[in-house]
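Peer 1: One structure, pasted below without further comment.
The values are calculated or read from the model by the stated rules, or taken from the named source; none is laboratory data. Please read these numbers as outputs of a predicted model, since none were measured by experiment. Positions of Cβ are backbone-derived with ideal geometry, glycine not excepted, and every protein chain shown enters the neighbour counts.
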Amino acid sequence: MTALRTVLVAHPGAELFGSDRMLRESVAGLREGGTRVVVVVPTAGPLIDELRALGAEVVIAPGLVLRKALLRPSGWLRLFREGLRGLGSAWRLITRVRPDAVYVSTITIPLWPLVAWLRRVPVVSHVHEAEASGSTLVNRVLYAPHMLAREVLVNSRFSQATIRHALPKLASRTHLVLNGVVGPEQPEPPRADTDGALRVLYMGRLSPRKGPDLVLSAASLLARDGVPVDVTLVGDTFPGYEWFGAELRQQASRAPRRMSVRFAGFQPDVWGYVAAADVVVVPSRIDEPFGNTAVEAVLGLRPVIVADTSGLREAADSYATARMVPVDEPEAISAQLRAFSESWAAVKADVEGSRAEALRRHSPESYRASVRRHVERAVRSGSPASATTDRRRGSTR
């Protein structure tokens, strides 16, 4: 077992959405091994308190985080400026921290693998993104810096396949580590029946790609059909997407008489909302590398409806209380909501079995141990420079 004295962890934000929660679990795994962990993020946010509670040190420092706006010609000057600032900041931080390894969370911070490689510090990259429907060229550019990593972790077979299509050499070095999803210790059982309004929950970003408007459209169809429905949206918009939040509120204002909508905003703890819900809907329009929210619904003893696409298929696969619907079809979501309501006794009978399977697949303890093991192996295998030499000599891992 390699003794890890210090690991520097780079992450692109400080919120508490899917990849942020996984970062928290990765840090927990490293801390459980007695490692000093220093996390660098570009902004303040609720994740920071969670990391400090685990015993990690947190540094807020400028860094390049790739956003779509930066990849357009109008954003190139800003891309250059942020790249220069991020390069200097990363170089100075490695000098100060002197880590045994750098753990890079997500592909949106491309400078970190490069800087760590130049400083001869072993790199572990954890890929949480995958858009098979996106440009192959763009995907190659995004994945290319992670060729410098000693270990590359992916969260789903879909992510692995997306990398394989863009960069086969990188895909051959990836390791599948299923997300460790934390659920409630004693989840509230489903209510006895769905008399009154059906309670529908959406959790996640309020963005067009995530499809919360589809939940409102599906609920409207149900209400116009005579089925009362209450919708709760837990989440908030990205900066710059406030216009979409306004559109959602306008859509909610046009809800039919038997339908109500509640905007709960961002919530660091969602379990009270899951307990109050009957059904969770995950209606993403665009490829998802995985679907933590779907697993959270199952762990919370709630049936879940997911878009039949990408990593969401893996997240919801084989659960008796999960249903898949075609992408971007509110009519299909509405039909499944009605089906769950009309077969509530069967749903209640299946939720415990689904939860047991989710606990087995997505144990946080197993996830933490796996991340720690891969970081230790990266350090044990030597510096990036020696890794390059070994590959030229034809050695195998």
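Peer 1: Being in the same structural domain as Thr136 (by TED's automatic domain parsing) and either part of a helix (DSSP H, G or I) or of a type in the set (Ser, Thr, Tyr) (or both) narrows it down to one residue among Val351, Val295, Val375; which is it?
Peer 2: The conditions single out Val375.
Peer 1: For the range 19-133, which fully contained strands (runs of 3 or more DSSP E) count at least 1 residues that are under 21 Å from Ala171 (Cβ atoms) and touching a Leu at 6+ places or on another chain (Cβ under 7 Å)?
Peer 2: Here the list reads 101-105, 123-127.
Peer 1: Also, I was wondering about something else. Do any residues in the range 33-59 that are over 18 Å from Ile109 (Cα atoms) and at pLDDT below 95 have Cβ atoms under 6 Å from those of residues that are of a type outside the set (Gly, Ala, Ser) and in a helix (DSSP H, G or I), where the two are at least six apart or on different chains, and which pairs are they?
Peer 2: Hits for this filter: Gly33/Arg372.
Peer 1: While we're looking at this one, here's another question. Give me the residue from the range 64-116 that is within 20 Å of the chain's Cα centre (by Cα) and among the charged types (D, E, K, R) and, out of that set, farthest from Val40 (Cα to Cα).
Peer 2: Result: Lys68.
Peer 1: Continuing with this model, one more query. Among the residues of the range 300-314, how many are crowded, with 24+ Cβ neighbours inside 10 Å, in contact (Cβ under 8 Å) with a residue 40 or more places away in the chain and under 20 Å from Phe17 (Cα atoms)?
Peer 2: 5
Peer 1: Working only within the range 143-164, note down all residues that are basic (Lys, Arg) and either touching a residue at least 60 places away in the same chain (Cβ under 8 Å) or within 15 Å of Leu118 (Cα to Cα) (or both).
Peer 2: The answer is Arg150, Arg157.
Peer 1: Within the group Val215, Val231, Val227, which residue is closer than 27 Å to Ser343 by Cβ, assigned to a loop (DSSP other than H, G, I, E, B), at pLDDT 95 or above and in the same structural domain as Glu296 (by TED's automatic domain parsing)?
Peer 2: Val227
Peer 1: Within the range 315-334, can you find the residues that are polar (S, T, N, Q) and surrounded by fewer than 19 Cβ atoms within 10 Å (Cβ to Cβ)?
Peer 2: Answer for the range 315-334, where residues must be polar (S, T, N, Q) and surrounded by fewer than 19 Cβ atoms within 10 Å (Cβ to Cβ): just Ser318.
Peer 1: May I pose another question? Where in the range 136-189 are there helices (runs of 4 or more DSSP H), lying fully within it, with 1 or more residues that are assigned by TED's automatic domain parsing to the domain that holds Asp100, in contact with a Pro (Cβ under 6 Å, 6 or more places away or on another chain) and modelled with pLDDT under 95?
Peer 2: Fully inside the range 136-189 and qualifying: 157-166.
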